[in-house]
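For reference, the structure is listed below as structure tokens.
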Amino acid sequence: METPRTSWRNTTHDWAATVDHDHLEHVRRNPSSFAPGGLRHLVLEVLAYVADEADCGSGGHCRVTLGADGSVTVADDGRGTDTRVDEQGEVVKKPVMATKDLRFFDDPAAPPLPDGHPRRGMSVVAALSTWLIHTNRRHNGSWQQRYELGVPTSGLEPVADDGTTGTVVHFLPGPPLRSAHALASDDLHRIVAAWPQVHVEVDDRRAAG
């Protein structure tokens, strides 16, 4: 159903925004504050959304692939990121990658992730990644979008439906985070145990690099 974008209620992100350059630059200038522990924390920021979906009764299974090129892929079976059609007939995805999470980012009492550091939102992952590709499958369509340092470099590009829903977040952390505090498969299994509603499979391909 096509409805005016101004009527959409903001819950986790501001639907009126597309990209918040100041916010992304703030994150990029402070990687030690927003990604303490490096790669481990970035992966947990993504997995927190999988846990959200599981809490809503959708999905709860995901696969984390640690690539030989240093990239990480997190694929889940949730509902997919909310995507709507506005009054102009334009497909609009909730701007989870390029704007701040209204629940957590500015909250000094933001809930901790399993590593003990505050949750700030998916935009932290995007801003601190050389590139990130978000594939989003919902019942009303499937799209993919690419970001570089958090800034969209493509529009929503339709992809073929495969009968499933969920998201795939494939990202290459910036070099400092890629090398800092290397993430071990066993370590990942241990820390995600804090989310018993989430089942994580880890495919570690780094030895092939």
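The values are calculated or read from the model by the stated rules, or taken from the named source; none is laboratory data. Nothing here was measured: the structure is a model prediction, and the numbers come from that model. Neighbour counts are summed over all protein chains in view; Cβ atoms, including those assigned to glycine, are modelled from backbone coordinates with ideal geometry. Accessible surface areas use protein heavy atoms only, side chains included; no ligands, DNA or RNA. Shrake-Rupley method; radii C 1.70, N 1.55, O 1.52, S 1.80 Å.
Could you check segment 20-42 and list, in sequence order, the residues that are under 17 Å from the mean Cα position of the chain (by Cα), part of a helix (DSSP H, G or I) and among the charged types (D, E, K, R)?
Those that are under 17 Å from the mean Cα position of the chain (by Cα), part of a helix (DSSP H, G or I) and among the charged types (D, E, K, R): ARG28, ARG40.
Can you tell me which of HIS181, HIS189, HIS134 is at pLDDT 95 or above and either surrounded by fewer than 19 Cβ atoms within 10 Å (Cβ to Cβ) or assigned to a strand (DSSP E or B) (or both)?
Values: HIS181 fails: at pLDDT 95 or above; HIS189 fails: at pLDDT 95 or above.
Going through HIS181, HIS189, HIS134 in turn, just one is at pLDDT 95 or above and either surrounded by fewer than 19 Cβ atoms within 10 Å (Cβ to Cβ) or assigned to a strand (DSSP E or B) (or both): HIS134.
Yes/no matrix, rows are residues, columns are (1) over 20 Å from SER154 (Cβ atoms); (2) in contact (Cβ under 8 Å) with a residue 12 or more places away in the chain; (3) part of a loop (DSSP other than H, G, I, E, B):
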{"site": "GLY59", "(1), (2), (3)": "yes, yes, yes"}
{"site": "CYS62", "(1), (2), (3)": "yes, yes, no"}
{"site": "VAL85", "(1), (2), (3)": "no, yes, no"}
{"site": "GLY89", "(1), (2), (3)": "no, yes, yes"}
{"site": "VAL92", "(1), (2), (3)": "no, yes, no"}
{"site": "VAL96", "(1), (2), (3)": "no, yes, yes"}
{"site": "THR99", "(1), (2), (3)": "no, yes, yes"}
{"site": "ASP107", "(1), (2), (3)": "yes, no, yes"}
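Residues ALA48, ALA54: which one is among the small types (Gly, Ala, Ser) and modelled with pLDDT of 95 or more?
ALA48
Might you let me know whether segment 93-107 holds any residue that is modelled with pLDDT under 95 and touching a helix residue (DSSP H, G or I) at 6+ places or on another chain (Cβ under 9 Å)?
Scanning segment 93-107, I find no residue that is modelled with pLDDT under 95 and touching a helix residue (DSSP H, G or I) at 6+ places or on another chain (Cβ under 9 Å), so the answer is no.
Could you tell me which numbered condition GLU45 fails, if it satisfies all but one of (1) under 15 Å from the mean Cα position of the chain (by Cα); (2) assigned to a loop (DSSP other than H, G, I, E, B)?
Of (1) under 15 Å from the mean Cα position of the chain (by Cα); (2) assigned to a loop (DSSP other than H, G, I, E, B), only one is false for GLU45: (2).
Name the single residue that is nearest to VAL72 (Cα to Cα) among those in segment 17-45 being open to solvent by 80 Å² or more (accessible area, probe 1.4 Å) and not basic (Lys, Arg).
Going through segment 17-45, the residues open to solvent by 80 Å² or more (accessible area, probe 1.4 Å) turn out to be 18, 21-22, 26, 29, 32.
Restricting the remaining residues to those that are not basic (Lys, Arg) gives 18, 21-22, 26, 32.
Values: THR18: 24, HIS21: 24, ASP22: 26, HIS26: 23, SER32: 19 Å.
So the residue we want is SER32.
Could you grab me the full set of residues in segment 150-174 that are assigned to a loop (DSSP other than H, G, I, E, B) and in contact with a helix residue (DSSP H, G or I) (Cβ under 9 Å, 6 or more places away or on another chain)?
The initial filter retains those residues of segment 150-174 that are assigned to a loop (DSSP other than H, G, I, E, B), namely 150, 153-156, 159-165, 174.
Selection gives GLY150, GLY174.
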